[in-house]
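Some notes on the structure that comes next.
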Amino acid sequence: MKRVLITGGAGFIAHHLIYYLLNNTNWDIISLDRLDYSGNLNRLNNILSKLDDSQKSRLNIVFHDLKSEINPWIKKEIGKVDIILHLAAGSHVDRSIDYPMEFVLDNVIGTANILEYARIVNESNKLERFIYFSTDEVFGPAPLGVNYKERDRYNSTNPYSATKAGGEELAVAFENSYYMPIYITHTMNVFGERQHPEKYIPMTIRNVRDDKLVTIHSDESRVTPGSRHYIHASDVADGCLFLLNNPNKVQELPNDFGGAKCPKFNLVGPVEWNNLELAQKIAKAQNKELKYRLVDFHSSRPGHDLRYALDGNLMKELGWEPKVSPDERIKQVVNWTLENDRWLKL
């Protein structure tokens, strides 16, 4: 039986990943979290309520702040691990603009500490895999018609994306220096149940429900809404498990230019929606009229890019893409959130 360490386990994507792995494997899971602005143990409590006792017994929760090294006490609590999935990170763009050093400490120093721990694990037990979860935002804004591939150039436009790019480079360096089995994934606009209520989808669900105005991120002319590829957190988890279960397919990939190691993968939703289209889908799922206004965040505040886009063809070539349509996922999340509206309250 494999033992998997998941950092940031009480965070949004990570708790979906824990739930997915407990349901689809027999692996033991160790959740490592410090429970800050993004972490919420109630997420784990909520998913555990849906599992049987044998599944619950396979989850161990360990408290630790990765700004500090993983000391002998924490190592003892964690125990032996075969796989490390590193999702712990500061992820709120606005907060990164206001408090950039917090994000340097969390996303760069924190990543260095978990990589150093993984290096020691790899030397003693031969780590099977380390996956660093990164973001589409490292590539910066995408011009119309451009979808960034895994190794396209980076162009961070805010401290959040810059620190995630810094964490990526550390992961690449640890693979090159210490021959560690590291993958990097890029995801974008992940949504799902129990998401932080300040995020666009839960905020729009709430405003539509309450007959309030929905503000739509647009260009300077207030005519063209911003656009994204959206993907449900369960589909991200499914893509992650696919990578873990199919190392041979990854090994068969052609050599990258320059002999670059550390394979990178875009886990991306199959369709691109602009923010107005998405808000209309949320309103339709509630059988309500959408009241909205296009707002130019792009030029009035730095770090708000109009369009992000990733190319998902590499994962398709390997044999993976989301199994459930984004439209069905949106309906699912809207209905669940309205029935569990305590998750809409700060």
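Any idea how far the Cα center of region 304-346 sits from the one of region 1-35, in Å?
Cα centroid to Cα centroid, the span is 19 Å.
Rounded to the nearest 500 deg cm²/dmol, what is the calculated helix-only ellipticity per residue at 222 nm for the chain, with -39500 (n - 2.57) per DSSP H run of length n ≥ 4?
It comes out at -11500 deg cm²/dmol, rounded to the nearest 500.
Find the eigenvalues of the gyration tensor of the Cα atoms of the chain, then list the square roots of 5 times those eigenvalues as equivalent ellipsoid semi-axes, largest first, in whole angstrom.
32, 24, 19
For region 243-336, state the semi-axes of the equivalent ellipsoid (square roots of 5 times the eigenvalues of the alpha-carbon gyration tensor), sorted largest first and rounded to whole angstrom.
Details: eigenvalues 241, 85, 15 Å².
Computed over region 243-336, the values are 35, 21, 9 Å.
Round to a whole number: what % of the accessible area of region 59-215 belongs to carbon and sulfur, probe 1.4 Å?
C and S fraction of accessible area: 54 percent.
Between Pro141, Pro247, Pro202, where does the largest GNM mean-square fluctuation fall for the chain, given springs only between Cα atoms within less than 10 Å?
Largest GNM mean-square fluctuation: Pro247.
Hey, got the dipole for the chain? About the Cα centre, +1 on K and R Cβ, -1 on D and E Cβ, debye to the nearest 20? If you can, show how the numbers build up before the last one.
Working: 42 positive and 45 negative charges, 126 e Å.
Here the size comes out at about 600 debye.
What dipole magnitude, in Debye to the nearest 20, does region 62-153 give about its Cα centre under +1 on Lys/Arg Cβ and -1 on Asp/Glu Cβ?
That gives a dipole near 360 debye.
Quick one: what do you get for region 157-283 if you divide its Cα Rg by 2.2 N^0.38 Å?
Relative to the rule-of-thumb radius for its length, region 157-283 sits at 1.33.
So what is the orientation-averaged projected area of region 59-194, using the convex hull of its C-alpha atoms, in nm²?
With every direction weighted equally, the projected area is 9.6 nm².
The values are calculated or read from the model by the stated rules, or taken from the named source; none is laboratory data. Worth saying up front: this structure is predicted, and the values here are computed from it rather than measured. When we count neighbours, we look across all protein chains shown, and the Cβ atoms used for this are built from the backbone with ideal geometry, even at glycine. In case anyone asks, the SASA skips ligands and DNA or RNA and just uses the protein heavy atoms, side chains included. Shrake-Rupley method; radii C 1.70, N 1.55, O 1.52, S 1.80 Å.
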